[in-house]
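The next block holds one structure in the form of structure tokens; read it before the comments.
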Amino acid sequence: MDHAAAPAVTLTLPQLGWIPALPLLAFTLLLFFGRRLGRFSPWVAVAALAGALGITLSLAGTVFHGHRVAVSWAWLSADAPVWSIGLSVDGLSWLMLFVVTSIGTMIALYSMGYMHGDPRLSRFFAYLSLFCASMLLLVLADHFLLLYVGWELVGLCSYLLISFWFEKPEAAAAGRKAFITTRIGDTGLLLGILLLFWTAHELHFSQLDAVRAHLSPGLLTLISVLIFLGAAGKSAQIPLHVWLPDAMEGPTPVSALIHAATMVAAGVYLVARTLPLFTPESLQIVLTIGLLTHLFAGTVALTQTDIKRILAYSTLSQLGLMMVALGLGAAPLAMFHLGTHAFFKALLFLGAGSVIHAAHAQELGQLGGLRKTMPWTAALFFIAAVSMSGLFPLSGFWSKDAILLAARHDHPWLLWVLLGGAAMTTAYIFRVYLRCFEGTAKDHHGATPHAHESPMIMVLPMAMLGLGAIGAGLAGSPWLHHPLFRLLGETHVHEGVDVPILAWSTVAAALGLGLAWVVGVQQRYLLPPALRPLGSQLYRLAANKYYVDELYDRFLIRPFLDLARGLAGFDQRVIDGAVNGAGRVGWGLGELKAWFDQAVVDQLVNGLARTVRGAGATLRWIQTGIVQQYLFVVVMAVVVLSALLRR
């Protein structure tokens with residue numbers, strides 16, 4: 001990949017700054033006036049996102065010609081270039097802008113039908129607008145600090161939206177889990193940013209190539225691993241993946257937005273943006289973590305029964321595939337798959353939301369035969385499933401096979417592992433489709449004899465995403481001469497369709513489809529009787545998500561809670577005891593001093609006062625003003641003194 005900076009064309013601030021400003025303005029309006037706007041409040045969010053999409057599309061011509069659009073301003077220091085921050089758009093960020101604004105607009109339109117009647121409708125669209133504004137700021141940032149601001153705002157918005165129905169304890173717990181888990185990764189990112197500034201005194205993304213030339217490989221590895229830790233938190237890579245499946249407790253449009261265009265995509269974008277800082281050692285870590293996540297999540301998805309949870313683990317698996325591409329150093333391929341994945345995954349989630357909205361059920365055991373009553377949803381879900389399976393010529397084929405080609409070139413063994421992952425992908429996604437839409441409808445003990453097609457306000461955005469699931473991959477295909485790769489700066493592309501890869505990926509998809517039908521629908525055993533006990537144990541292990549949450553609870557959460565309780569007890573018994581004991585001693589000394597003051601000092605003072613008062617009263621008795629009495633006293637005094645002196 002060519003990391004050389006493209007020539008910059010500076011635009012005025014309104015043209016570029018309005019991309020995140022429009023949804024931010026929508027958030028402000030809905031926050032203060034949403035109740036007054038009532039049922040018109042969703043249109044504020046839709047209009048803002050559509051406006052941001054329009055501005056993004058207006059930049060396409062400039063960016064596709066290889067220019068970098070930028071605007072900057074001084075911050076903290078007027079003459080120190082390192083503190084000049086701003087917004088910029090190149091090929092990488094333009095692709096992300098297009099994904100966020102286009103899919104965000106479709107999800108906002110869909111949400112108008114899905115969230116209809118919710119008592120907090122305006123608040124939902126306010127949070128949705130802030131979520132998109134934060135993601136757009138993150139993508140547009142040309143400086144690590146500005147990216148970190150958007151990064152943390154994205155985490156905040158995910159908490160607000162995942163726990164939107166906070167009356168449900170599960171939703172509130174899921175929001176907290178997402179917020180706390182991603183904070184671990186965010187701490188790593190912050191440390192990486194601080195270490196980069198401390199060692200290189202540079203935080204602009206456009207200067208990362210120069211930074212790489214001046215730092216030692218060991219330091220670069222440490223910085224890049226810390227940055228990847230932040231990406232692993234947001235993109236839910238092992239071992240920080242546990243928050244994403246629980247995030248399904250939020251409204252389905254939120255799940256679609258998180259899984260397709262915003263939060264989880266931020267981690268992939270961050271690694272792609274900072275790839276010049278990664279060394280072979282840190283890229284190997286990215287590759288290993290991505291591959292483990294891809295396979296781990298794929299096996300778990302095969303065993304789940306909640307349709308949203310299956311889609312959640314499918315997102316984990318696909319994000320792992322993107323990280324594999326990044327670990328191979330192929331950022332354009334990872335971003336290509338991110339773009340195609342955004343369309344078919346958003347469509348899958350919105351299709352699942354349409355099913356839940358119509359059938360009021362999301363367990364596979366309660367669903368079936370919905371194709372007859374929900375033909376549009378069934379057809380669009382099928383398109384998304386085919387695209388996700390990587391079948392020719394839908395969009396998922398082009399991006400997935402591009403990664404398979406890169407794997408074959410760098411690590412031939414990796415190709416076969418990824419083909420196994422592709423077979424699992426087809427198996428779990430068609431298991432959902434076949435169980436939901438084919439077969440016969442359930443009776444009253446199941447779910448959906450009375451299911452109906454969703455309203456057009458929900459179907460039309462799904463149809464638009466369906467077009468993307470069909471044709472978005474053509475932007476990276478040889479049929480159109482790889483315009484997307486030219487946008488991303490990739491110069492080494494494979495001309496034409498690689499027939500062996502096409503054949504092997506088709507075989508993998510066919511195996512997955514067969515597995516979905518035989519095991520997922522007909523529920524037959526594939527293993528011989530002797531191996532079935534082992535297969536049951538492995539199935540139970542995957543169905544329980546390999547007990548990762550239980551292990552975290554046993555070895556991390558409980559010990560920390562016990563430690564916290566112990567420290568709280570120590571604080572109460574020892575620290576507070578010492579402080580309270582010192583207070584009681586002080587109180588006792590104060591009481592003793594008060595008693596001494598009252599019983600001794602005050603009594604002495606008061607006794608002296610009484611003596612003086614008595615003496616004064618006595619002397620006042622002889623002060624009558626009668627001269628004869630005074631003479632009598634003098635005479636008596638003389639007599640007494642004379643008598644005393646004679647002795």
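The values are calculated or read from the model by the stated rules, or taken from the named source; none is laboratory data. Since the structure is predicted, the reported quantities are computational estimates derived from the model, not experimental observations. Positions of Cβ are generated from backbone atoms using ideal geometry, with glycine treated the same way; all protein chains shown enter the neighbour counts. With ligands, DNA and RNA removed, areas are computed over all heavy atoms of the protein, side chains included. Shrake-Rupley method; radii C 1.70, N 1.55, O 1.52, S 1.80 Å.
Dimensions of region 337-382 from C-alpha coordinates, computed as largest minus smallest value along each principal axis and given longest first, are 32, 19, 16 Å.
Taking LYS168 as the anchor, which lysines have their alpha carbon closer than 18 Å to its alpha carbon, excluding any fewer than eight residues away along the same chain? Straight-distance partners of LYS168: LYS177, LYS308.
The length gained by stretching the chain between LEU534 and PHE555 to full extension, at 0.36 nm per residue less their Cα-Cα distance, is 4.9 nm.
Taking a straight line from the alpha carbon of LYS593, not one of the lysines sits under 18 Å away once near neighbours fewer than eight places off in the same chain are left out. Across region 225-353, counting alpha-carbon atoms alone, Rg and Dmax equal 13.6, 42 Å. Label separation (ARG183 vs VAL633): 8.7 nm, computed from points 7 Å beyond Cα along the C-beta direction. Put a dot 7 Å past the Cα of ALA564, heading toward its Cβ, do the same for LEU219, and the two dots end up 3.8 nm apart.
Could you point to the residue in LEU30, VAL417, PRO533 farthest towards the positive end of the chain's charge dipole, with +1 and -1 charges on the Cβ of Lys/Arg and Asp/Glu respectively? It is LEU30, whose Cα lies furthest towards the positive end.
How large, in percent, is the carbon and sulfur part of the accessible surface of region 462-517 at a probe radius of 1.4 Å?
With neighbouring chains kept in place, the figure for region 462-517 is 77 percent.
Note on region 455-584: Cα Rg divided by 2.2 N^0.38 Å, N the number of residues, gives 2.07.
Between amide H atoms placed 1.01 Å from N, distances below 5 Å from ALA74 occur with no residue 5 or more places distant or on a separate chain. Solvent exposure of the chain amounts to 45 Å² per residue of accessible area, where only protein heavy atoms count and the probe is 1.4 Å. Calculated FRET efficiency, TRP595 to TRP73, Cβ-Cβ distance, R0 = 60 Å: about 0.30 to the nearest 0.05.
Cα extents for region 131-258 along the principal axes, largest to smallest and rounded to whole angstrom: 53, 28, 19. Stretching VAL519 away from ARG176 to a fully extended chain increases their span by 119.9 nm, per 0.36 nm per residue minus the current alpha-carbon distance.
Under 5 Å between amide hydrogens, built in the peptide plane, is the criterion, and for GLY369 it picks out PHE437, GLU438, GLY439, THR440 among residues at least 5 positions away or on other chains.
More than 24 Å apart: what percent of Cα pairs in region 320-467 qualify? Everything past 24 Å amounts to 38 percent. Shown for region 518-647: the carbon plus sulfur share of the solvent-accessible area, taken with all protein chains present and a 1.4 angstrom probe, equals 68%.
Put simply, when 537-546, 456-465, 21-30 are sorted by average Cβ atoms within 10 angstrom per residue, most first, you get 21-30, 456-465, 537-546. The simple Förster model, with R0 at 41 Å and r as the Cβ-Cβ distance, assigns LEU608 and ILE575 a FRET efficiency of 0.30.
What the phi angles of region 472-477 give under the Karplus curve with 6.51, -1.76 and 1.60, with θ = phi - 60°, is a coupling list of 4, x, 5, 5, x, 9 Hz, glycine and proline written as x. Counting only protein heavy atoms and using a 1.4 Å probe, what share of the accessible area of region 284-418 belongs to carbon plus sulfur, as a whole percent? Here carbon and sulfur together make up 68 percent of the probe-accessible area.
When each of the peptides 290-297, 611-618, 214-221 is scored by the mean number of other C-beta atoms lying within 10 Å of its residues, the order from highest to lowest reads 290-297, 214-221, 611-618. Applying 1/(1 + (r/R0)^6) with r as the Cβ-Cβ distance of ALA210 and HIS409 and R0 = 25 angstrom yields a FRET efficiency of 0.30. Dividing the radius of gyration of the alpha carbons in region 558-628 by their Kirkwood radius gives 1.67 for Rg/Rh. Shown in residue order for region 20-37 are the 3J(HN,Hα) couplings computed by the Karplus curve 6.51 cos²θ - 1.76 cosθ + 1.60 at θ = phi - 60°: x, 5, 5, x, 5, 5, 4, 4, 5, 4, 5, 5, 9, 10, x, 5, 5, 6 Hz (x for Gly and Pro).
Direction-averaged projected area, Cα convex hull, the chain: 53.4 nm², rounded to one decimal. Taken along the Cα-to-beta-carbon direction at a fixed 7 Å, the label points for ILE626 and LEU480 span 13.2 nm. Rounded to the nearest Hz, the phi-derived 3J(HN,Hα) couplings of region 506-522 under the Karplus curve 6.51 cos²θ - 1.76 cosθ + 1.60 (θ = phi - 60°) are 5, 4, 4, 5, 5, 4, x, 5, x, 4, 4, 6, 6, 8, x, 9, 7, where x marks glycine and proline.
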